[in-house]
Amino acid sequence: MRILSGLQPSGRLHLGNYFGMMEPALRLQHEGEAFYFIADYHSLTSIHDPAALRSHSLDLALDFLACGLDPVKAVFFRQSDVPEVCELSWILSTVTPMGLLERCHSYKDKTARGMEATHGLFAYPVLMAADILIYDSQVVPVGKDQKQHVEVTRDIAKTLNHTYGDILKIPEPRIREETAVVPGTDGQKMSKSYGNILAIFEEEKALKKKVMSIQTDSTPVEEPKDPENSLILTLYRLVADADAVALMENQFRSGGTGYGDFKKRLFEAIWTKFEEPRRRRAELVADPAYVQKVLRDGAERARAVARPTLDRVRKAVGLA
Ligand code: ADP
Ligand code: TRP
């Protein structure tokens, strides 16, 4: 089984990215041949500061490795180290109906939030399709908001196959339903663009402050609280063990404990959960040559798969 996924290097890794995409993807690296990459071409649609793009890319490489990506098992690389993907993207774009892209939520959402309506932003799903198809990927673990892009990929691949013969594999999205949407500190979907994130590798004091700012209702300390609709408990269930969760649920029901205490416990659970990755990340920061070598080797392995696919497509469409 060939598994592929990518993350944009556009800011700090947060609990939504981790539980929605990274952790499920890291689990899958033991079940098949995984290709994971840093989607830096995609980030050019939002970052026009070269130093920032470089530093975010390095940060994301550190994040992936610290969280458990095994660069021997998985092929780990920077998207832009395999420029073949841009050529495939162009070929795919020649069979992609405008209407398919016009229906994509992500372009509409991003421009509604004030992002510049560039051609790159509009054509973003075609590049993503090329990412997936050039590695003959079968399974694509992503968060729920990327599901539509994988469906677009399937449509584009089917159209190319219909036009030129059976040349591309049809991939499937893999969405983990329990963590399809992780809420942020304000209850909306956790997202960099909403300023409501809990970043995994945040400084201790800053993270604590963010956790303490989680929105709650105004139920007084002594009164029972609703464990089903609590943001604190939704997040706590992701990071704490079952006994600790059961205890907090009981204390919600019985009353007598304030939200402040629950938030402190949530902070401790987040901090403990990422203790080991934090330690590994600090080691990796001290060894930049190792990280560069991992990415170089990954690029070489990725290119060895991408090149033959591109050649197959070039030949099929009449370019070779
Ligand atoms: P952001 O919204 O912070 O910009 P991205 O769009 O870069 O995050 O998302 C990267 C990956 O993480 C995608 O696969 C996406 O589906 C997943 N993801 C992001 N936020 C969440 C969330 N709040 N809950 C679940 N998955 C998420
Ligand atoms: N669009 C994805 C995101 O914003 C990143 C991405 C780019 C991706 N190419 C991909 C994800 C291919 C999965 C497969 O998170």
Look at region 1-30 and say how many of its residues are of a type in the set (Ser, Thr, Tyr) and more than 10 Å from ligand 2 (Cβ to nearest atom).
1
Out of curiosity, is Lys144 within 13 Å of ligand 2 (Cβ to nearest atom), within 21 Å of the chain's Cα centre (by Cα), farther than 26 Å from Gly258 by Cβ and assigned by TED's automatic domain parsing to the domain that holds Thr309?
yes
Quick one: would you say Thr179 is crowded, with 19+ Cβ neighbours inside 10 Å and modelled with pLDDT under 95?
yes
If you check Arg281, Arg265, Arg301, which single one turns out to be farther than 21 Å from Gly16 by Cβ and among the basic types (Lys, Arg)?
Arg301
Hey, His119 at pLDDT 95 or above, more than 18 Å from Leu310 (Cα to Cα) and more than 14 Å from ligand 2 (Cβ to nearest atom) or not
yes
Return only the number of the condition from (1) open to solvent by less than 50 Å² (accessible area, probe 1.4 Å); (2) under 24 Å from Lys192 (Cα atoms); (3) not in a helix (DSSP H, G or I) that Thr219 does not satisfy.
(2)
Long-range neighbours under 6 Å by Cβ, at least six apart or interchain, first residue touching a residue at least 40 places away in the same chain (Cβ under 8 Å) within region 149-172, second assigned to a helix (DSSP H, G or I) and of a type in the set (Lys, Arg):
Ile167/Arg312
From the option list Ser10, Ser57, Ser43, Ser106, single residue qualifying as assigned by TED's automatic domain parsing to the domain that holds Ala304 and under 30 Å from Thr163 (Cα atoms) is Ser106
Only one of Ser57, Ser5 is in contact (Cβ under 8 Å) with a residue 24 or more places away in the chain and within 13 Å of ligand 1 (Cβ to nearest atom). Can you tell me which?
Ser5
Considering only region 1-15, how many residues are at pLDDT 95 or above and more than 22 Å from Ala130 (Cα to Cα)?
3
Residues that are open to solvent by 60 Å² or more (accessible area, probe 1.4 Å) and away from ligand 1 (no atom under 14 Å from the Cβ), drawn from region 102-111:
Glu102, Arg103, Lys108
Please name all residue pairs, on different chains or six or more residues apart, with Cβ atoms under 6 Å, provided the first residue is in region 19-43 and is among the hydrophobic types (A, V, I, L, M, F, W, C) and the second residue is within 11 Å of ligand 1 (Cβ to nearest atom) and in a helix (DSSP H, G or I).
Phe19/Thr179; Phe19/Leu238; Ile38/Leu60
Per the filter on region 180-197, residues part of a helix (DSSP H, G or I) and within 6 Å of ligand 1 (Cβ to nearest atom) are Lys192, Ser193
If I ask for residues that are in contact (Cβ under 8 Å) with a residue 60 or more places away in the chain and either aromatic (Phe, Trp, Tyr) or farther than 21 Å from Arg278 by Cα (or both), which ones from region 191-204 would you list?
Ser191, Ser193, Phe201
Taking the condition outside any strand (DSSP E or B) and open to solvent by 50 Å² or more (accessible area, probe 1.4 Å), does His48 pass?
yes
When Leu88 is evaluated against the numbered criteria (1) open to solvent by less than 30 Å² (accessible area, probe 1.4 Å); (2) farther than 29 Å from Leu207 by Cβ; (3) within 16 Å of ligand 1 (Cβ to nearest atom), which criterion, by number, is the only one it fails?
(3)
Checking the structure you have, find out if any residue of region 230-253 is in contact with a Pro (Cβ under 6 Å, 6 or more places away or on another chain), farther than 28 Å from Cys67 by Cα and touching a residue at least 24 places away in the same chain (Cβ under 8 Å).
yes
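Conditions (1) touching a His at 6+ places or on another chain (Cβ under 7 Å); (2) over 26 Å from Asp297 (Cβ atoms); (3) at pLDDT 95 or above; (4) open to solvent by less than 40 Å² (accessible area, probe 1.4 Å), marked per residue:
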residue	(1), (2), (3), (4)
Phe77	no, no, yes, yes
Pro83	no, no, yes, no
Leu100	no, yes, yes, yes
Lys144	no, yes, no, no
Leu160	no, yes, yes, yes
Under 8 Å between Cβ atoms, which residue pairs at least 6 apart in sequence (or on different chains) link something in region 117-145 that is closer than 23 Å to Glu177 by Cα and away from ligand 1 (no atom under 14 Å from the Cβ) with a partner that is assigned to a helix (DSSP H, G or I) and at pLDDT 95 or above?
Ala129/Ser89; Ala129/Leu92; Ala129/His149; Ala129/Val152; Ala129/Thr153; Ala129/Ile156; Ala129/Ala157
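The values are calculated or read from the model by the stated rules, or taken from the named source; none is laboratory data. Just so it is clear, the structure is predicted and the values come from calculations on it, not from any experiment. Backbone-built Cβ (ideal geometry, glycine too); neighbour counts: all protein chains shown. Just so you know, the surface numbers come from the protein's heavy atoms only, side chains and all, with ligands and any DNA or RNA stripped out. Shrake-Rupley method; radii C 1.70, N 1.55, O 1.52, S 1.80 Å.
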